[in-house]
Amino acid sequence: MRSFTEEQNMFREAYRKFLETEITPNMPKWREAGIVDRVAFSKAGSQGFLMVWPEEKYGGMGDDDFRYEQIVIEETVRQQCGEWFNTLHSRLVGPYLYKYANEEQRERFLPPCVSGEKILAVAMTEPDAGSDLSGMRSTARDAGDHFVLNGSKTYISNGILADLVVVAAKLEGAESSHAMILMVVERGMEGFERGRNLDKMGLKAQDTAELFFNNVKVPKENILGEPGKGFFYLMEGLAEERLINAVGTIANARKAFDVTREFVMQRKAFGKKVSDFQNTQFKMAEMDTEIEVAQVYLDYCVEMHNAGKLTANMGAKLKLLGAEIEWKMMDLGVQLHGGAGYMQEYEICRMFTDARISRIYAGTSEIMKLILGREIFSEDYKSILS
């Protein structure tokens, strides 16, 4: 039995209705436009569905229970509105403006983000630096009362819409390749330019852009935390980032299961329903089991995260598990749809292409295996049975 409070169940119902009325009907036109309308953020903010965790003085509910974001992700996925990257704004980027910000910065940045007036993005990835951030080439030079930022970023989600971008850059003059700085670059700053809205395989309504920084003067009032420690700030958020990813992938796997189940119960071949074939039953039985077991581990990890006990290792296992199960279900879903699964008019087709990125972003499946493999063969490894 999943553990949600009565208030959280009420929050789920309210958020589900919000999606049904304000977001889901608009998804087709936003996919056609290649970008979600800003009004999605402002409407969500006005009803309390963005960044629920900040204290009331910043406009939030003041409840940091991750299950609220879990509800948001699950319902967004089930309504097939996943291209609206509200969780990137609310729970991936937003916390940087609290954890590493001083009170003046919190008061300046958080309220407009909670309301949806300002949209957030984070810029780490570069053409030659993805999972390996030490390969980053963007630099920030201390110039007295400001830093001068130079470089470029790519594959930045919310890159076109974002008003505030948390940018990671190497601290110029530092000896360590891990000496980085996090700074808030604001829309309109001189030298800050956006490239094209990148044409992706899937997630068509989600804006993904290139960002360019040419001698951008970033005031020291926009620096988060201590210069030089940015790399470690980024690492601190990885476990939650992977948890967020897994909530989405496992919910998406379940959605694909439901879509496929409905289809095979209606579709006929050789005079009987596709669901009557033993192969269909066996394959769907396997997936139902795998998805349910993954959901149990996910809910356990949410509990651990709320208790401050979610480790990087647990996050890596969960991210790997969720992404691989999602892809396995998508592939099976298309296969059981037959030729229909290859047609855009069927939901499973779009779900298939949208899901392909899951094994890449937030750390590839290969990187997750590398992390886990290193721990398995370290001297500190302990079996769960020991």
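A few points about this structure:
- When you restrict to C-alpha pairs under 8 Å that are six or more residues apart and normalise by the size of the chain, the relative contact order lands at 14 percent.
- Comparing V39, V72, V165 in a Gaussian network model of the chain (Cα springs below 10 Å), the most mobile by mean-square fluctuation is V39.
- Here the spin labels are modelled as points 7 Å beyond Cα on the Cα-Cβ line, and at T311 and N215 they lie 5.0 nm apart.
- Acute angle (nearest 10 degrees) that the helix 103-115 long axis makes with the longest principal axis of the chain, alpha-carbon atoms: 30 degrees
- Normalised alpha carbon radius of gyration of region 237-376 [divisor 2.2 N^0.38 Å]: 1.15
- Assuming charge only on the beta carbon of Lys and Arg (+1) and of Asp and Glu (-1), the dipole of the chain about its Cα centre is about 1060 debye to the nearest 20.
- Simple spin-label estimate for D288 and E103 in nanometres, 7 Å along Cα-Cβ: 5.7 nm
- Top positive-direction residue, dipole computed over region 201-264 with Cβ charges, set N215, G202, G237: G202
- Each principal axis of the Cα atoms in the chain has its own extent, and those three values, largest first, are 78, 53, 42 angstrom.
- The trypsin sites (Lys or Arg not before Pro) of region 65-140 that DSSP puts in a loop, and whose beta carbon has at most 13 other beta carbons within 10 Å, are R137.
- Farthest positive-ward along the chain dipole, Cα basis, beta-carbon charges - from Q80, L372, I119: Q80
- Gaussian network model of the chain, Cα within-10 Å springs - most flexible of E104, E13, E117: E104
- Between helix 278-306 and the chain there is an angle of about 30 degrees, using the helix long axis and the longest principal axis of the Cα atoms.
- Filtered GluC sites (Glu not before Pro), region 315-386: DSSP coil and at most 14 other beta carbons within 10 Å: E345, E379
- When the alpha carbon coordinates of region 79-178 are projected onto the principal axes, the ranges are 46, 33, 20 Å, largest first.
- Counted without the sites themselves, the longest stretch of the chain free of chymotrypsin sites (Phe, Trp or Tyr not before Pro) in a DSSP loop having at most 11 other beta carbon atoms within 10 Å is 1-269.
- Just so you know, the Cα atoms of region 144-239 work out to an Rg and Dmax of 14.1, 44 Å.
- Each residue of region 189-199 was assigned a 3J(HN,Hα) from its phi angle through the Karplus curve 6.51 cos²θ - 1.76 cosθ + 1.60 (θ = phi - 60°); the sequence is 5, 4, x, 8, 10, 10, x, 6, 7, 5, 8 Hz, with glycine and proline shown as x.
- Low-density loop positions, trypsin sites (Lys or Arg not before Pro), region 316-386 - DSSP coil, at most 12 other Cβ in 10 Å: K382
- Helix 6-18 axis versus longest C-alpha principal axis of the chain: approximately 90°, rounded to the nearest ten.
- Dipole moment magnitude, nearest 20 debye, region 237-376 about Cα centre, only Lys, Arg, Asp, Glu C-beta charged: 280 debye
- Put a dot 7 Å past the Cα of R2, heading toward its Cβ, do the same for D128, and the two dots end up 4.5 nm apart.
- Centre-to-centre, using Cα atoms only, region 230-254 and region 308-386 are separated by 12 Å.
- Fully extending the segment from N279 to D331 would add 17.2 nm, taking 0.36 nm per residue of separation and subtracting the current Cα-Cα distance.
- Restraint check, K43/K319; K99/K309; K153/K204; K99/K229; K204/K229; K170/K369, Cα-Cα greater than 24 Å: K43/K319; K204/K229; K170/K369
- Prolate/oblate/rounded call for region 33-136, Cα gyration tensor, a/c under 1.5 rounded: oblate
Each reported figure results from applying straightforward, stated rules to the coordinates on display, with no laboratory input. What you see is a predicted model, and the numbers here were worked out from it, not measured in a lab. Don't worry about glycine lacking a Cβ; one is built from the backbone with ideal geometry, like all the others, and counts go over all protein chains shown.
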